[in-house]
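Before any comments, here is the structure.
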Amino acid sequence: MKRLIGAIWILMLLLAGCGDPDDPTRENDFVLLTAITIQSVNPQIAAGTSNQFFAIGNFSGEFTRDITDAATWQVAAGNEGVLQFTDTAGLANGKAAGLADITASLNGISGALTGFVVSDAIIQQLTVTPATASVAKGRRQQFNAQGLFGLPPDSFTQDLTGSVTWEATPSGVATINAAGLAQSVAVGDADINATFANTYGTKSGTAGFAVTPAVFDRVEVSPATVTLPPGETHPFTATAFMSDDTEQTSATFTWSSSDTGVATISATGVATAVAAGSTNITASTGGGSGAAALTVGTLQSIEISAASNTVQIGGELQLIATGKYSGNVSRVITSQVNWNRVPTNAATIDANGLFKGSLTGPVTVTATLNGISGTKEITVTQ
Amino acid sequence: MKYILLAGCLLALLAPAAFAAEGGFYLTLHGGAAMVDDVENDSDDGTFNFSFDPGWQAGAALGYDLRDAYPNIGSGRVEMEFNWRQNELDEADFKSGDIAGSGSITAASVMFNTIGEYRGNLPWITYVGLGAGATRITLDDLRVADSSLADDDDIVFAWQVLAGVARQLTPRLYLDLGYRYFAALDPEFTDANGEDFESEYVTHNLTLGLRMDF
């Protein structure tokens, strides 16, 4: 009896562990927000630059969550000339030197940050990093700008990547966007210039950007995905691209299949489906390789069609067998299937599906391949 | 449990001895432990999960024992069962993590069971059965960190699989030890924020009961 009870409890515990829920995706919006703390990327900023603030919500002391996007951001009355929010997600611009009090509010709860400094310190140095960079034609490089403001001991540094004006010269070699991302255009050397200017000063910094000839980048195999029935062949093509997206016409490829039991591939890239399954068809060249996915479908059903459902005695009717494969692929398999009919003396069918009636009445025709069958009824009339 | 045993003994004493157990109507009272599988709730804002403490269940069934009267059907019973299950919320799991909860989930059900029995030479009668019916699932003042989470109910289709053993104590009285897998079909509730969510309810139950033939 004790063993029985024990066994039942073990069964209950095992079953209770079955089917655990997936990880939750919903935020806890039931527990009350009780406090908001404001955090700043920079402890202070120079006038004319921007700063990202974050609002961290405390929910009844149980957990904290970033509510920056949900909060309403405000600069205290009288401080609007110092700091101004440029979006609803805590990004603010320092307009002029001074102190600013800000608040973030949500669901009637507010958090405050008082005395945030927008400095009138003069920029002393602007450093662009990396100082030199070299990329192959077609590739990109991120540059950053950092400013040093004021004099010791009150000096401070600030990331100015988004606050400077970027310029690449000559523009025929490289271009650069407002976020400091340089795009190589042609082989050569370019200067990357960053300029910061506000009411209190101006400073520039420079980095070198060398664009070298394009290099091998990737191999693309086409088509990227294909589904075939067993026995069918399909050609793949491969193209090698350089870093500037031009074609490497001299590339030669070696083809391989990750599962030759599913499909084989010839030296010229023609795949032959062998058996149901999936395999990767890879084209390799000296610099690298690319792949496509080949799925060999499983025969799931056979449909028999004909121009008519009736035929006269002595008349002929061509039957067509269509195989339906997994992967939503259909193929005519009339000459591959085994044809049969019931009653056998009412008609004949040859290996190519040609039906000939000999006795009046219904005849059930069956087409079979690999254990899968399809049927159709043909009526033989006088 | 003490009251169930007392009630069963009382019924056994009151039943006339002349009605020997040869099939016919019977009454079952049972109670025991109930464990709820962790629950995944699905709402428009995403999913969140509940886990519940082990709880209890109690029930009564009025049925008819076919015994050997219907050899074409076989040996077994049919019954209508009333059942009550309750478990306390242990914690709720959200994207930001687990949080301790309070409140309970209850399921009051009416089930129609068919039970097949095997009576061999052993003193124990083994049985398995299937049941179907309806259940009212109630989320009773579910709270997290003292904030309301849900307080709602729904009536849905329910089914169960039961198995166990029974021992004949007297000609009319059986002691019954059983297991029940009880599941309800996707109850739907409204949370404290007014948003609808689809839930789950699956329990594993270990029961001890007394069955008395009339």
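Excluding ligands, DNA and RNA, the accessible surface per residue across chain B is 45 Å² with a 1.4 Å probe.
Treating each Cα of the range A:16-119 as an identical point scatterer and ignoring solvent, apply the Debye formula and state log10 I(q)/I(0) at q = 0.12, 0.14, 0.23 Å⁻¹. Debye curve over Cα of the range A:16-119, log10 I(q)/I(0) at q = 0.12, 0.14, 0.23 Å⁻¹: -0.45, -0.56, -1.13. Backbone geometry of the range A:358-363 corresponds, through the Karplus equation with coefficients 6.51, -1.76 and 1.60 at θ = phi - 60°, to 3J(HN,Hα) couplings of 10, 10, 5, x, x, 10 Hz, x marking Gly and Pro. Protein heavy-atom accessible surface, 1.4 Å probe, per residue over chain A: 50 Å².
Helix A:2-16 and the longest principal axis of the C-alpha atoms of chain A enclose an angle of approximately 70°. Per-residue mean of foreign Cβ neighbours for B:200-210 is 2 (Cβ atoms of other chains, 10 Å radius). For the range B:54-62, putting each phi into the Karplus relation 6.51 cos²θ - 1.76 cosθ + 1.60 with θ = phi - 60° gives couplings of x, x, 9, 8, 8, x, 9, 9, 10 Hz, in residue order, rounded to whole numbers and with x for Gly and Pro. Remark on residue B:117: its backbone amide H falls under 5 Å from those of B:75, B:76, B:77, a criterion applied only to residues 5 or more positions apart or on other chains, H modelled at 1.01 Å from N. For peptide B:34-41, the mean count of partner chain Cβ atoms within 10 Å of a residue's Cβ comes to 4. The dipole here belongs to the range A:216-296: it is taken about the Cα centre, uses +1 on the Cβ of Lys and Arg and -1 on the Cβ of Asp and Glu, and is about 240 debye.
With Rg and the Kirkwood Rh both taken from Cα atoms, where does Rg over Rh land for the range B:2-213?
Numbers: Rg = 19.8 Å, Rh = 18.5 Å.
Reported Rg/Rh, Kirkwood definition of Rh: 1.07.
In the context of the full protein assembly, residue A:246 retains an accessible surface of approximately 60 Å², using a probe radius of 1.4 Å and ignoring ligands and nucleic acids.
So, counting K/R as plus one and D/E as minus one, what does the shell of residues with Cβ under 10 Å around residue A:74 add up to? Net of charged neighbours comes to -2.
Normalised by the number of residues in the range A:216-296, the average gap of Cα pairs under 8 Å and 6 or more apart makes the relative contact order 38 percent.
Residues whose amide H falls under 5 Å from that of residue A:286, counting only those 5 or more places apart or on a different chain, are A:252, with hydrogens built in the peptide plane.
Net charge around residue A:90, counting only other residues with Cβ within less than 13 Å of its Cβ (Lys, Arg = +1; Asp, Glu = -1)? So the environment of residue A:90 carries a net charge of -3.
Viscosity 0.890 mPa s, temperature 25 °C: what is the translational diffusion coefficient of the range A:267-382 from Stokes-Einstein with a Kirkwood Rh over Cα pairs, rounded to a whole number of µm²/s?
Once the numbers are plugged in, D ends up at 151 µm²/s.
Taking every residue in B:137-149 and counting other chain Cβ atoms within 10 Å of its Cβ, the average works out to 3. The charge dipole of the protein assembly as shown, taken about the Cα centre with unit charges on the Cβ atoms of Lys, Arg (+1) and Asp, Glu (-1), comes to about 2180 debye, rounded to the nearest 20.
Heavy-atom accessible area for residue B:130, with the other protein chains in place and a 1.4 Å probe, reaches approximately 110 Å². For residue A:68, the amide hydrogen comes within under 5 Å of the amide hydrogens of A:55, counting only partners 5 or more places away or on other chains and with H modelled in the peptide plane.
In sequence order, the range A:186-201 has phi-based couplings of 8, 5, x, 10, 10, 9, 9, 10, 10, 10, 10, 9, 9, 4, 9, x Hz under the Karplus curve 6.51 cos²θ - 1.76 cosθ + 1.60, θ = phi - 60°, and Gly or Pro positions carry x.
Could you compute how much accessible area chains B and A hide from each other, both sides summed, with a 1.4 Å probe? Nearest 100 Å² is fine.
Separately minus together, B and A give about 2700 Å² buried.
Accessible surface of the protein assembly as shown, 1.4 Å probe: 54 percent of it comes from carbon and sulfur atoms. GNM on chain B, C-alpha springs below 10 Å: top fluctuator among B:50, B:112, B:94? Highest fluctuation among the options: B:94.
The Cα atoms of the range B:98-214 define a convex hull whose projected area, averaged across directions, is 9.2 nm². Mean silhouette area of the range A:152-221, derived from the convex hull of its C-alpha atoms and averaged over all directions, reads 7.1 nm².
Note on the protein assembly as shown: antiparallel DSSP beta bridges, both residues inside, total approximately 95 percent of the bridges counted. When the alpha carbon coordinates of the range A:50-195 are projected onto the principal axes, the ranges are 59, 36, 24 Å, largest first. Take residue A:303: with every protein chain present and a 1.4 Å probe, its accessible area is about 100 Å². The three principal axes of the Cα atoms in the range B:37-119 give end-to-end lengths of 61, 23, 22 Å, sorted in falling order.
Per residue, the convex hull spanned by the Cα atoms of the protein assembly as shown amounts to 300 cubic angstrom. Apply the a/c threshold of 1.5 to the C-alpha gyration tensor of the range A:216-296 and tell me whether it is rounded, prolate or oblate. It comes out prolate by the Cα gyration axes.
Sum up the charges of everything whose Cβ sits under 15 Å from the Cβ of residue A:133, counting Lys and Arg as +1 and Asp and Glu as -1, but leave residue A:133 out.
My count for the surroundings of residue A:133 gives +1.
The values are calculated or read from the model by the stated rules, or taken from the named source; none is laboratory data. None of these values were measured; they are calculated from a predicted model. Backbone-built Cβ (ideal geometry, glycine too); neighbour counts: all protein chains shown. Remember, those area values only see protein heavy atoms, side chains included, never the ligands or the DNA or RNA. Shrake-Rupley method; radii C 1.70, N 1.55, O 1.52, S 1.80 Å.
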